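Step one of this worksheet: look at the structure below.
The values are calculated or read from the model by the stated rules, or taken from the named source; none is laboratory data. These numbers come from a predicted model, not from an experiment. Every residue, glycine as well, gets a Cβ built from its backbone with ideal geometry; the counts of neighbours run over all protein chains shown. We work out accessible area using only protein heavy atoms, side chains counted, and drop any ligands, DNA or RNA first. Shrake-Rupley method; radii C 1.70, N 1.55, O 1.52, S 1.80 Å.
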Amino acid sequence: MLGKMQEHIREVNGMFAEERRRVQKRYREFDDCYLGHYAQWFFWFFFVLGFFLFTTVIVMMVGKWLNWF
């Protein structure tokens, strides 16, 4: 029983390793840099930062406008 479980675990680990290799091939850039993951984080970081900055400016403008009344 223990041997079967170890064999199954080795098989699953092999499947995960093969999937990692396929994903790395899919996202490989021409100069062998894997920029897809970093570019995604870069985009989302500045998108969220810009969204909150935009929202803050709008809220401050509305607050200033309401203060005039």
- Restricting attention to the range 22-46, and to residues there that are touching a Phe, Trp or Tyr at 6+ places or on another chain (Cβ under 8 Å) and either of a type in the set (S, T, N, Q) or open to solvent by 100 Å² or more (accessible area, probe 1.4 Å) (or both), which single residue is modelled with the lowest pLDDT? R28
- Cβ pairs under 6 Å, 6+ apart, first in the range 4-22 and without any contact (Cβ under 8 Å) to a residue 40 or more places away in the chain, second open to solvent by less than 90 Å² (accessible area, probe 1.4 Å) and among the aliphatic types (A, V, I, L, M): none
